[in-house]
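J.: Sharing a structure below in structure tokens format, with a few things to ask.
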Amino acid sequence: MAEKVGFTTMAGEHAEGEAPVLGIGMLGYAFMGKAHSNALKKLPYMMYPPVAIPRLIGIAGRNQAAVQEAAKRYGYERAYTDWRRMIRNRNVDIFDNGGPNDAHATPSIYAAEHGKHIICEKPLARSTSEARRMLDAVQKAGVKHMVAFNYRFVPAIVQAKKLLESGALGRIFHFRAVYLQEWIIDPNFPKIWRLDKKAAGSGALGDLGAHVIDLARFLVGEPKRISAMTKTFIEQRPLPDGSGTGTVDVDDAFVSLFEFENGALGTIEASRFCQGRKNYNCIEINGENGSIRFDLERMNNLEVYWANEEPKETRGFHNVLVTESHHPYWENWWPHGHIIGWEHTFVHEFHHFFGAILGKWEVAPWGADFVDGYKNAVICDAILKSSKSGRAIEIDYGL
């Protein structure tokens, strides 16, 4: 770990004893652009001493006025309407792809071909074949690659992972997960890009389900067989420009059954049609010695049950507030009980990616690399295939 922190004028260069500077070129300035920029600005003084100092070289988007405003707001040195020019900037070390799903593959492959390390928002791609092209590109280029499955960096999830790896829960019987939102129930909500298969690849499956599919693999292991159903509740929606209506060709919701290679059974469900649910990502894992439960809307808590706890008269689920100094990441934040929020997962995520770039650790298994992103795409496609065929699908990654 660096003994002191220093800023430099050239990305990637640093004096001895100083944290190196890594130049960031970001695609996208909306939801994820804001979340990533916030994390990059917080990282140097909160994950202290930092493994690296991010330098915000450029931000790219299609709308010139909007991207210029984003560059001013977030502190990027330059705004681009051509992401290729930004990637070719010699000061850019990392391409941060926060664009919509249809802008993941081509820019990321281009960045790999130009020797840039890549962090890409989830889902990695719209299909298995697209994800495989991205994986092949980064492996051929020899660059570091990461998929922004930020929930791997929630302290309570990391704590759950450590409990599972310790064997404390014993044999795992069940993984149960739901990710529920409500924001498109209104039939007058327009057909935005997330409701267009060409742009998004899938609906609730890629938007929400990809997260819990990743957590299932992260916490329990690889799936062996999957059965699923999908549903589109509102098939026609008004077009954003007011020119008429368009057909919704992605899923509004899905339910799935998983059989894992270790013999555990799983259920994964995601929907954007659940009144009252804002961002309800909840998982439960049942083992022979106990159970754990996590709810993203109460992300600093982990519920734990131990089957053989004594005295048995008071045996039950315990709510563990994951804010102690010995809990994951907490030495960088506040005194115990002073909770952190959703946005801090991105700080942990970038810290992990920077360390991997500098050779301090690998992206996987604690972070999700493009192999994980590709496997996630295989599973998502299997869910769609099962829904269409009415049959269980055997998982074969073909790697």
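The values are calculated or read from the model by the stated rules, or taken from the named source; none is laboratory data. Note that the structure is a prediction, hence the values are computed from the model and not measured. Every residue, glycine as well, gets a Cβ built from its backbone with ideal geometry; the counts of neighbours run over all protein chains shown.
J.: Can you tell which of L384, L399 is of a type in the set (A, V, I, L, M, F, W, C), modelled with pLDDT under 95 and either surrounded by fewer than 19 Cβ atoms within 10 Å (Cβ to Cβ) or more than 16 Å from the chain's Cα centre (by Cα) (or both)?
T.: So the residue among L384, L399 that is of a type in the set (A, V, I, L, M, F, W, C), modelled with pLDDT under 95 and either surrounded by fewer than 19 Cβ atoms within 10 Å (Cβ to Cβ) or more than 16 Å from the chain's Cα centre (by Cα) (or both) is L399.
J.: Going by what's in this entry, would A199 be described as within 21 Å of G99 (Cβ to Cβ) and either outside the structural domain of A382 (by TED's automatic domain parsing) or surrounded by fewer than 18 Cβ atoms within 10 Å (Cβ to Cβ) (or both)?
T.: Spelling it out, A199 is indeed within 21 Å of G99 (Cβ to Cβ) and either outside the structural domain of A382 (by TED's automatic domain parsing) or surrounded by fewer than 18 Cβ atoms within 10 Å (Cβ to Cβ) (or both).
J.: Considering (1) closer than 29 Å to I285 by Cβ; (2) in contact with a strand residue (DSSP E or B) (Cβ under 9 Å, 6 or more places away or on another chain), say which one K162 fails and leave the rest.
T.: Answer for K162: the failing condition is (2).
J.: Can I ask one more? Can you name the residue in region 8-28 that is closer than 29 Å to Q68 by Cβ, outside any strand (DSSP E or B) and in contact with a strand residue (DSSP E or B) (Cβ under 6 Å, 6 or more places away or on another chain) and, of all such residues, is modelled with the lowest pLDDT?
T.: If we take residues in region 8-28 being closer than 29 Å to Q68 by Cβ, outside any strand (DSSP E or B) and in contact with a strand residue (DSSP E or B) (Cβ under 6 Å, 6 or more places away or on another chain), then T8 is modelled with the lowest pLDDT.
J.: Confirm whether I340 is closer than 20 Å to G209 by Cα, within 21 Å of the chain's Cα centre (by Cα) and modelled with pLDDT of 95 or more.
T.: When the stated conditions are applied, I340 does not pass them.
J.: Okay, next question. Read through the list (1) within 25 Å of H114 (Cα to Cα); (2) of a type outside the set (K, R); (3) within 23 Å of the chain's Cα centre (by Cα), then give the number of the only condition that M47 fails.
T.: With respect to (1) within 25 Å of H114 (Cα to Cα); (2) of a type outside the set (K, R); (3) within 23 Å of the chain's Cα centre (by Cα), M47 is out only on (1).
J.: Of these, F173, F189, F95, which one is in contact with a strand residue (DSSP E or B) (Cβ under 9 Å, 6 or more places away or on another chain), assigned to a loop (DSSP other than H, G, I, E, B) and aromatic (F, W, Y)?
T.: F189
J.: Please tell me if G373 is of a type in the set (G, A, S) and buried (at least 21 other Cβ atoms within 10 Å of the Cβ).
T.: Against the criterion (of a type in the set (G, A, S) and buried (at least 21 other Cβ atoms within 10 Å of the Cβ)), G373 qualifies.
J.: Please find, within region 237-258, the residue that is surrounded by the most Cβ atoms within 10 Å (Cβ to Cβ) out of those that are of a type in the set (D, E) and closer than 26 Å to A177 by Cα.
T.: Only one residue tops the list, namely D251.
J.: Same structure, new question: Just to be sure, is W334 without any contact (Cβ under 8 Å) to a residue 24 or more places away in the chain, closer than 22 Å to R152 by Cα and among the hydrophobic types (A, V, I, L, M, F, W, C)?
T.: yes
J.: Can you tell me which residues in region 159-172 are buried (at least 17 other Cβ atoms within 10 Å of the Cβ) and of a type outside the set (D, E, K, R)?
T.: Q159, A160, L163, L164, L169, I172 - these are the residues of region 159-172 that are buried (at least 17 other Cβ atoms within 10 Å of the Cβ) and of a type outside the set (D, E, K, R).
J.: Oh, and also: As an exercise: evaluate L135 against (1) part of a loop (DSSP other than H, G, I, E, B); (2) closer than 21 Å to D214 by Cβ; (3) of a type in the set (A, V, I, L, M); (4) outside the structural domain of H344 (by TED's automatic domain parsing) and give the number of the one condition it does not meet.
T.: (1)
J.: Within region 144-157, does at least one residue satisfy the condition of being more than 16 Å from the chain's Cα centre (by Cα) and either part of a loop (DSSP other than H, G, I, E, B) or farther than 19 Å from A364 by Cβ (or both)?
T.: yes
J.: Next up: Would you check which residues across region 61-78 are aliphatic (A, V, I, L, M) and touching a Lys or Arg at 6+ places or on another chain (Cβ under 8 Å) and list them?
T.: Within region 61-78, A71 is the sole residue that qualifies.
J.: Could I ask something else about it? Could you tell me which residue of region 226-248 is nearest to K161 (Cα to Cα), considering only residues that are in contact with a helix residue (DSSP H, G or I) (Cβ under 9 Å, 6 or more places away or on another chain) and charged (D, E, K, R)?
T.: K231
J.: Considering only region 29-68, how many residues are in a loop (DSSP other than H, G, I, E, B) and closer than 21 Å to G99 by Cβ?
T.: 5
J.: Kindly provide the set of residues from region 204-231 that are assigned to a loop (DSSP other than H, G, I, E, B) and not charged (D, E, K, R), ordered by number.
T.: V220, G221
J.: Let me ask something else about it. Among the numbered criteria (1) assigned to a strand (DSSP E or B); (2) in contact with an Asp or Glu (Cβ under 8 Å, 6 or more places away or on another chain); (3) surrounded by fewer than 19 Cβ atoms within 10 Å (Cβ to Cβ), which one does I234 miss?
T.: With respect to (1) assigned to a strand (DSSP E or B); (2) in contact with an Asp or Glu (Cβ under 8 Å, 6 or more places away or on another chain); (3) surrounded by fewer than 19 Cβ atoms within 10 Å (Cβ to Cβ), I234 is out only on (1).
J.: Do we find that A156 is within 30 Å of Y305 (Cβ to Cβ) and surrounded by 18 or more Cβ atoms within 10 Å (Cβ to Cβ) in this structure?
T.: Taking the combined requirement at face value, the residue satisfies it.
J.: Here is a follow-up. Mind checking which residues of region 333-370 are out of contact with any Asp or Glu (no Cβ under 6 Å at 6 or more places or on another chain), surrounded by 19 or more Cβ atoms within 10 Å (Cβ to Cβ) and among the β-branched types (V, I, T)?
T.: The answer is I340, T345, V347, I357.
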